1. Go through the range A:239-259 and give me each residue that's surrounded by fewer than 19 Cβ atoms within 10 Å (Cβ to Cβ), charged (D, E, K, R) and assigned to a loop (DSSP other than H, G, I, E, B).
2. Check the range A:280-291 and report whether any residue there is within 21 Å of A:ALA170 (Cα to Cα), more than 14 Å from every other protein chain (Cβ to nearest Cβ), open to solvent by less than 10 Å² (accessible area, probe 1.4 Å) and in contact with a Leu (Cβ under 6 Å, 6 or more places away or on another chain).
3. Would you check if there is a residue in the range A:128-138 being modelled with pLDDT under 95, open to solvent by less than 50 Å² (accessible area, probe 1.4 Å) and either away from chain B (no Cβ under 14 Å) or assigned to a helix (DSSP H, G or I) (or both)?
4. Which one of these is outside any loop (DSSP other than H, G, I, E, B) and open to solvent by 10 Å² or more (accessible area, probe 1.4 Å): B:ASN357, B:ASN301?
5. Looking only at the range A:336-354, how many residues end up being surrounded by 11 or more Cβ atoms within 10 Å (Cβ to Cβ) and over 30 Å from A:ARG297 (Cβ atoms)?
6. Whether any residue in the range B:325-335 is at pLDDT 95 or above and away from every other protein chain (no Cβ under 14 Å) is what I want to check.
7. Any chance you could count how many residues in the range A:323-335 are within 19 Å of the chain's Cα centre (by Cα) and either among the polar types (S, T, N, Q) or crowded, with 23+ Cβ neighbours inside 10 Å (or both)?
8. Considering only the range B:227-271, state which residues are in a helix (DSSP H, G or I) and crowded, with 19+ Cβ neighbours inside 10 Å.
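The values are calculated or read from the model by the stated rules, or taken from the named source; none is laboratory data. Computed from a predicted model, the values in this text were never measured in an experiment. Cβ placement follows ideal geometry from the backbone for every residue including glycine, while neighbour counts extend to all protein chains displayed. SASA here: full protein model, heavy atoms, side chains in, ligands and nucleic acids out. Shrake-Rupley method; radii C 1.70, N 1.55, O 1.52, S 1.80 Å.
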Amino acid sequence: MTNFSPKSRSNLWRGPVYLSLLSLGALLFFIYQKLASGRYTPNFAAHEGVEFYDLLDSVGSDDGWQREERVLFCVPLRDAEAHLSMFFGHMRNLTYPHHLIDLAFLVSDSSDDTMGALKRNLQAVQTDKDSRLHFGEIEIFEKDFGQSIGQGFSDRHGFAAQGPRRKLMARARNWLWSVSVKPQHSWVYWRDIDVETVPPTVLEDLMHHGKDVIVPNVWRPLPDWLGNQQPYDLNSWQESDGGLALANTLDEDAVIVEGYVEYATWRPHLAYLRDPYGDPEVEMELDGIGGVSILARAAVFRSGSHFPAFSFEKHAETEAFGKMCKRMGFSVIGLPHYVIWHIYEPSSDDLKHMEWMAQEEVRQEEEKKSKELYAKVWGSGFEDAKDEWEKEKNKILRNADFADRKKIVVDWSGADDFPEQPPGKLAGFDPKA
Amino acid sequence: MVQLKSPLLRQIRRKPLTAIAPITLLVVLVFLFFRSSGSQKLRTYSYKSKKSGFFNHHRDVIPRNLPGDHISHYDLNKLASTPMAAYNKERVLILSPMSKFYNEYWQNILTLTYPRELIELGFIVPRTAEGDVALKKLEKAVKQVQTKDARFAKVTILRQDSESLASQKEKDRHALKVQKERRANMALARNSLLFTTLGPFTSWVLWLDSDIIETPHSLIEDLVSHDKPVISANCYQRYYDDEKKALSIRPYDFNNWVESDEGLKIAAGLEDDEIIVEGYAELATYRPLMAHFYDAKGDINTEMALDGVGGAAVLVKADVHRDGAMFPSFPFYHLIETEGFAKMVKRLGYEVFGLPNYLVFHFNE
């Protein structure tokens, strides 16, 4: 018969248990490695011109700035010289680590010195004493597409010009991202140059939602006489039955554009859902989006979603990009209460009105001056004699008062007695003579 | 002792607890007020690094070989795709999605006569054990070539981010049911490869499947000389004919086709998310297939206009891709992957051609 004490038993087993636990741990670690990052990674460090990338490293996370995730910042430019300094003001203020931001510019069909101004501004940032301001890789591309449409606000925003214009802009956008997206990019951010007010944390603000494609609300300030502010970007919307019904009536190459009475779609627009006191974190599902400020995972573009330069589901460019992303199963989100502000560019009607206002101001100024002058002339030329007359009238009337005068009696008898004239003879007058 | 004059203060001094209610009310009001106005205040974020935990492997994402101020300038107006490609020093990007590495494929690439310093290679391997095997073989092959003087301008190898279908066996691969999923995944692989390797120097993109093991050595020069936006070679396969007791050839890729009335009729009757694929009895489209137009005695330069292409050996002017032509991973006019690509090319206003008498050969499994 044996009589083990518990203690001696554990002593006996301790060695093998530890050993097996250790080997089990090693096995689990091995399996985890295999599952987590686990695939084979070749090493080409010694070979010039050979690169290996695991695309899983750049799928993008919602706290990318803490994980060294690179953002490709795409900016299409055309006749943008005037706005560049404002734009670079915003760029300097970006809080996302600058060395993780790669810039890609496309300069096309410009008649002003966009290229020169761009290079000057870039040089200024990249040679700044504060190295934290320096951006990562910067690529400037030049490509002219030829354009039949003028660049005035009303030329660009007129109804008839929209279809061809949007297709042309889509081509430009595709040329920009398709040559600049690289395997190491996790996010792609699109930004128009003419944004006036934007939080410096805009990248983090959009990224932390962790969506595939996300856009803020875009408004613009207005002069007082136009009501202070107005939604700017009407391309961010949710599809409606009205929109789908309209699409069915149009031919294959037609392009529906929002914000024009010609196409009444009754779609809910992101812009109109803004509440100035609303929670900026609120999200809204979208189908079409505008291009002023888009943050998208680079994987969205790598998967082939792009800005269709043809009519895709009756849309083109950014709106069709939204539609294509949805079609490919990506999330497309808008933030109704998170707003960035576009600059105010007056339309030709506005310009006419402003010209009229300017002329009116001059006219009123002149009118005021001439009124003063008239008042002076009238004042000195025509003295007021009323009071004086009141005084003098009494004196004159007093002189004309006969009440206390002595009555004079005159005897007029005999004054009408004339001597008899001989008859038939008129005194001293003969018409026949 | 100081006499407290205010009855309020006296009250608080006598019974301090009675002050709690009004103070709480005040705090709540202040809180509510500041919260509503504070919603427009800037968010604050932490910038502490979270990278490289114990299990995560280190990643090298810092761009190398940057100019001093990091600024480079490319004039894409000067970029051209001409029939005199080699003379004009135009860069050609050869792209191959690779789930298996065939040595014959690699040897064929090495015998291409187009100047190697003008060729860039791009590969994407699936996220599978099979992909690992292919990657190791490819790594070895690439390392051998890229140390020599006559090396390729650039080689980019990618690992696909999405999970691939596990099985790539011949039988499963062609079952109609798995076709859609398989080809959608293939489309994603092609797009991921294309849009990370296409650069500001690229004039031409040659899609060459990794199981194409034999082409004319002058493949690039030949296809380029036609000066077409998209041009596809005819893909055949060598096999041993048991009846004739001799080596023979047979058509392999049926995705190069001309649209038919029947095909359009079938498409009109399909749901939005359904696709048509060639080579299945269930979907008799009666489309004229380029594979059947091969004439052994015919002129090798004969061209025919196509509506659908296969991806076996297709040369594309890079501008077409830059305009947005990609491989739809979703049903695009009921077409997917390379066939959807051809449709998109046409929607963008370009034409698609095939060379029925110009053969490339597929591996025989």
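1. A:ASP251, A:GLU252, A:ASP253
2. No, every residue in the range A:280-291 fails to be within 21 Å of A:ALA170 (Cα to Cα), more than 14 Å from every other protein chain (Cβ to nearest Cβ), open to solvent by less than 10 Å² (accessible area, probe 1.4 Å) and in contact with a Leu (Cβ under 6 Å, 6 or more places away or on another chain).
3. Yes, that holds for at least one residue.
4. Unique residue meeting the criteria: B:ASN357.
5. So the count comes out to 10.
6. So far as the range B:325-335 goes, no, none of its residues is at pLDDT 95 or above and away from every other protein chain (no Cβ under 14 Å).
7. Looking only at that region, the number is 2.
8. B:GLY263
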